[in-house]
Amino acid sequence: MANIWNESKECMNRDELTALQSKRLVKLVDKAYHSVDFYRKKMQSLGIEPGDVSGIEDITKLPFTTKNDLRDTYPFGLNAVSQSEIVRVHASSGTTGKATVVTYTRKDIDIWAECVARGMTMAGIGKNDIVQIAYGYGLFTGGLGAHYGAENLGATVVPMSTGNTKKLVTMMVDFGVTAIACTPSYLLHIAETIEEMGLRDQIKLKSAVCGAEPWTENMRLQIERELGIDAHDIYGLSEVMGPGVAMDCRYHKGLHVFEDHFYPEILSPDTLEPVGEGVVGELAFTTLTKEGMPLLRYRTKDLTSIDRSPCECGRTQARISRFKGRTDDMLIIRGVNVFPSQVEAALLEVGETMPHYLMIVDRVNNLDVLEIQVEVEESIFADEIRKLESLTKKITNGIKGALGLAVKVTLVEPKTIERSMGKAKRVIDNRKLD
Ligand code: DLL
């Protein structure tokens, strides 16, 4: 079993850490160049050979990787090992129809479990805890990622997934659950359900590991107050691994990045040049130890800043600040990543609609709801009601299938949706995240 509180890695002095990162980067670049056509071609086009990278200070010579690159090499074009070494596949939303696929070797899964376990240790979770995993299981990395991490700790894992909140609360009480991993908005909904069921004084919950969507410090404090627990922020993304790339410790002054595995850079969104400490920019990661699908300088589109000063907890690993937003139009609704372009593609597929739609996101009872207004020909409204209902159903199913998310579709008459002189406004997000 992996060493969970990995003091030798998490509290390493920064010179030693840099030496370790350098050694790992040199090995990674060699592997990527010789095993992944995509990277060899990219490096050749920049006139770089593996020998040109002798340490982490050379990282800026390397090419970036984007979500589009993953789409262009769909599904397995970025694999650096043969398929027989791949033991797991996950996927997240792509910008249009195709999902973004990620692959893992056995060692990748072990390192992932260790990183999540390190994170859960920061939240005070250990082998005596009973942990409910209420992230979705399946292609999404949240469920299985948190599951393997908690199991690696030796905790008792209850794989709830999402869906039946009353059953979750009943089991929370019956099993004496002490920790939970789920999205922060879902945890607020769970808190409300506990209250409604009158079980507040029967729960034994003491900590929560929440992430997969943006949330504020106020929301974290609200969760702590309502449930009487410690709530921690866990960050990650499928492309780089899944949950457990970074996590906040009990001082809650930023999220420690597990830098021995993921090298972070903060880039100016305008020039893509690295910016200084404390300056907000786009976060990029190089996966220093991944075998299945290693990535060089993956642009996350997440906006944050970095702080390399030592933390009161004793860890020396850099901290990134709570996320300030994204550089693209990706929305996260109930933990599911949604791009407006996916809705557009689904509408085109269904046909019978105009190219005008508006996505309205609200938070009702702490759960996100998505309404999509779609303009259709005026004649449809003159037809029998049955036809209107059948078209609404067809569009709803088309979008639901594309997004993997329940949506409410409202058909509206032509010119109902406000036209824009510039970039079309596709989204109204009424959730208060500040
Ligand atoms: O959301 C992995 C994950 C699962 C993280 C469970 C934490 C807990 P993706 O579906 O690929 O992976 O979405 C990744 O979600 O680029 C961020 O924009 C956002 N995100 C994830 N965690 C946080 C967080 C998982 N703690 C995208 N705060 C990322 C803010 C987050 N945004």
Inspect segment 362-385 for any residue being surrounded by 14 or more Cβ atoms within 10 Å (Cβ to Cβ), in contact with a helix residue (DSSP H, G or I) (Cβ under 8 Å, 6 or more places away or on another chain), in a loop (DSSP other than H, G, I, E, B) and not charged (D, E, K, R) and give the result as yes or no. yes
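Quick one: is Tyr251 open to solvent by 30 Å² or more (accessible area, probe 1.4 Å) and not in a loop (DSSP other than H, G, I, E, B)?
no
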Would you confirm whether any residue within segment 228-249 is modelled with pLDDT under 95, within 15 Å of the ligand (Cβ to nearest atom), within 19 Å of Met122 (Cα to Cα) and touching a His at 6+ places or on another chain (Cβ under 9 Å)? no
Of the residues Glu217, Glu259, Glu265, which is under 20 Å from the mean Cα position of the chain (by Cα), open to solvent by less than 10 Å² (accessible area, probe 1.4 Å) and in contact (Cβ under 8 Å) with a residue 60 or more places away in the chain? Glu259
Residues of segment 192-231 being among the polar types (S, T, N, Q) and closer than 24 Å to Ala155 by Cβ, in sequence order, are Thr193, Gln202, Ser207
Assuming Cys210 fulfils every condition listed in (1) touching a Leu at 6+ places or on another chain (Cβ under 7 Å); (2) open to solvent by 20 Å² or more (accessible area, probe 1.4 Å); (3) within 11 Å of the ligand (Cβ to nearest atom) apart from one, which condition is it? (2)
Across segment 112-152, the tally of residues that are over 15 Å from Pro243 (Cα atoms) and within 16 Å of the ligand (Cβ to nearest atom) stands at 3
Is segment 118-125 home to any residue that is of a type outside the set (A, V, I, L, M, F, W, C) and surrounded by 19 or more Cβ atoms within 10 Å (Cβ to Cβ)? yes
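Does segment 75-93 hold any residues that are part of a strand (DSSP E or B), within 16 Å of the ligand (Cβ to nearest atom) and open to solvent by 40 Å² or more (accessible area, probe 1.4 Å), and which are they?
Of the residues in segment 75-93, the ones part of a strand (DSSP E or B) are 86-92.
So of that shortlist, the ones also within 16 Å of the ligand (Cβ to nearest atom) come out as 88-92.
Matches in segment 75-93: Val89 only.
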Testing Lys393 on (1) charged (D, E, K, R); (2) open to solvent by 90 Å² or more (accessible area, probe 1.4 Å); (3) not in a helix (DSSP H, G or I), one condition comes back false. Which one is that? (3)
Quick test for you: out of Val361, Val338, Val343, pick the one residue that is in the same structural domain as Lys425 (by TED's automatic domain parsing), in contact (Cβ under 8 Å) with a residue 60 or more places away in the chain, within 14 Å of the ligand (Cβ to nearest atom) and not hydroxyl-bearing (Ser, Thr, Tyr). Val338
Taking the condition of being more than 15 Å from Asn365 (Cβ to Cβ), of a type in the set (A, V, I, L, M) and either touching a residue at least 60 places away in the same chain (Cβ under 8 Å) or open to solvent by less than 10 Å² (accessible area, probe 1.4 Å) (or both), how many residues in segment 164-197 meet it? 6
Is it the case that Leu348 is of a type in the set (A, V, I, L, M, F, W, C), free of Cβ contacts under 8 Å to residues at least 24 places away in the same chain and away from the ligand (no atom under 16 Å from the Cβ)? yes
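The values are calculated or read from the model by the stated rules, or taken from the named source; none is laboratory data. Because the structure is predicted, anything quoted here is derived from the model rather than measured. Neighbour counts run over all protein chains shown; Cβ positions are idealised from the backbone, glycine included. Only protein heavy atoms, including side chains, enter the accessible area calculation; ligands, DNA and RNA are left aside. Shrake-Rupley method; radii C 1.70, N 1.55, O 1.52, S 1.80 Å.
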